[in-house]
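Read the structure below first, then the notes.
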Amino acid sequence: MKTPIFKMKLAFAFIAIGVLLSTTMKTTAQGYYGQYFNWIASNSSIISDWTVINNANLDGVVGAKVLFTPKWDPNGIYNNFNSGIWYDGSNWDIYNENTSDSIPVGSSFNILIPSTHGTIFTHTVTATGDYMTTINNLATNGDPNKLVFITHNFGTAGGVINNHAAGVWYDGSNWEIYNENLVPLSTGTVFNVFAVDSGANAFVHQATIANSFSNYTVIDNPLLNGNPNASIIVTHNYNPNYLSSAIYDTIPLGVWFNGANWTIYHQDMTPITNLACYNVLICGNINAGITGYFADKAINLNPNPAKDNITITCQQQSIIEISNFEGQRIKTLIASGNKTNIDISALPSGVYFVEVKTEKEVAVTKFIKE
């Protein structure tokens with residue numbers, strides 16, 4: 001088994017002789033939550049159990065905080081290992097936590113560098129002997145509706161490996177990070193944490209008998225349906241506040257587009273557990289369609305709260321979609337003028353999200369139906 005020091009030395013040796021040439025770097029786009037891109041591991045970027053990320057926004061940035069999710073597309077590659085990130089002295093790398101199995105050539109990863117519309121921070125395990133660790137941050141404390149996304153961060157030399165699938169859960173007052181197989185976390189283990197409010201671009205998906213097939217569960221979301229260019233990040237959520245779950249998921253996860261919808265799948269091909277829940281973050285679209293987001297102030301919605309009707313004011317011709325709190329699309333309209341009146345009288349009381357989509361941008365806001 002390789003040690004962290006060995007990884008460091010080997011990485012520097014390859015860099016020194018100029019072997020780390022990458023033909024896999026994708027254009028970084030600015031999305032609602034920050035910069036994002038897709039990374040594909042090639043022969044030139046793989047060193048044993050890790051792939052060296054070559055991206056101008058990360059290279060040489062030792063303090064960068066990154067989230068990633070493995071992606072089956074476009075090469076159909078499974079990587080049935082827990083994975084994390086680490087900094088080799090000049091680049092950030094994605095590595096297999098067992099430090100012995102190589103990253104397969106063609107492996108794909110959705111990568112997000114969070115910077116907006118949420119709080120990004122690192123959490124370090126300080127207690128010993130427990131499989132969970134309490135997050136103490138003003139952005140998450142006392143908020144069961146917050147959506148939390150995590151990536152294990154080995155850091156630099158002397159970091160701590162965590163060769164276990166990890167998820168999040170809310171204990172009644174704080175969010176916790178935990179090992180799904182209940183193996184104790186080691187002191188010093190670090191996670192990158194991104195906390196956001198739920199909305200059209202961040203929601204909980206629950207696997208059900210109706211939406212799950214073999215090792216994957218199908219996501220139904222208006223921003224993702226029929227959109228193969230989307231980039232999403234997922235984290236398993238043990239107990240969302242508004243859904244019945246309490247499910248452990250010990251299997252490494254990935255995402256893939258099945259031709260019509262995005263799905264969350266088990267890397268080892270075992271069935272997805274019924275009622276398991278996953279936090280889903282939509283970073284944006286890669287290389288096609290929507291390329292950015294405009295601020296909520298670009299649209300005006302009133303009244304809010306509303307009982308029978310809402311009026312949406314937007315300066316551009318657009319498509320308006322209304323979704324419920326679970327991300328299910330309720331209404332779709334085409335707005336040709338500046339003001340669009342919408343009848344909401346038949347909707348149940350609750351929180352709803354409105355997306356106003358132009359050819360290249362998306363605005364998101366929400367309203368309360370009384």
Open item on the list: How would H117, H205 line up from fewest to most surrounding beta-carbon atoms within 10 angstrom?
Closed with: H117, H205
- [ ] Show the residues, 5+ positions off or on another chain, whose built amide H is closer than 5 Å to the amide H of E97.
- [x] N82, S83, G84
TODO: Treating only the Cβ atoms of Lys and Arg (+1) and Asp and Glu (-1) as charged, compute the dipole magnitude of segment 1-289 about its Cα centre; round to the nearest 20 debye.
DONE: 460 debye
TODO: Kindly write out, for segment 203-209 in residue order, the coupling ³J(HN,Hα) from the Karplus curve 6.51 cos²θ - 1.76 cosθ + 1.60 (θ = phi - 60°), rounded to whole Hz, with x marking Gly and Pro.
DONE: 7, 9, 9, 10, 6, 10, 4
Open item on the list: Using 0.36 nm times the number of residues separating D268 and I319, minus their current alpha carbon distance, what extension gain do you get?
Closed with: 14.4 nm
Open item on the list: Using each residue's phi in segment 274-279, evaluate 6.51 cos²θ - 1.76 cosθ + 1.60 at θ = phi - 60° and report the 3J(HN,Hα) Karplus result to the nearest Hz, with x for Gly and Pro.
Closed with: 4, 6, 4, 10, 9, 6
- [ ] Report the charge-dipole magnitude of segment 71-220 in Debye, nearest 20, computed about the Cα centre from +1 at each Lys and Arg Cβ and -1 at each Asp and Glu Cβ.
- [x] 100 debye
Open item on the list: With the crude spin-label approximation of a point 7 Å out along Cα→Cβ, what separation in nm comes out for T187 versus N141?
Closed with: 2.4 nm
Open item on the list: Can you sort K307, K357, K339 from fewest to most other Cβ atoms within 10 Å of each residue's own Cβ?
Closed with: K339, K307, K357
Open item on the list: Starting from the 7 Å offset along Cα-to-Cβ, what nm value, one decimal, do you get for the label separation of F213 and T126?
Closed with: 4.8 nm
- [ ] Counting other beta carbons within 10 Å of each Cβ, put F191, F149 in order, fewest first.
- [x] F191, F149
- [ ] Figure the gain on full extension for T311 and D197 (residue separation times 0.36 nm, minus the Cα-Cα span) and round it to one decimal in nm.
- [x] 38.7 nm
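We did not get these values from a lab; they are worked out from the coordinates using the rules stated. All values derive from a computational prediction rather than experimental measurement. In this analysis, Cβ positions are derived from the backbone assuming ideal geometry, glycine residues included, and neighbour counts consider all displayed protein chains.
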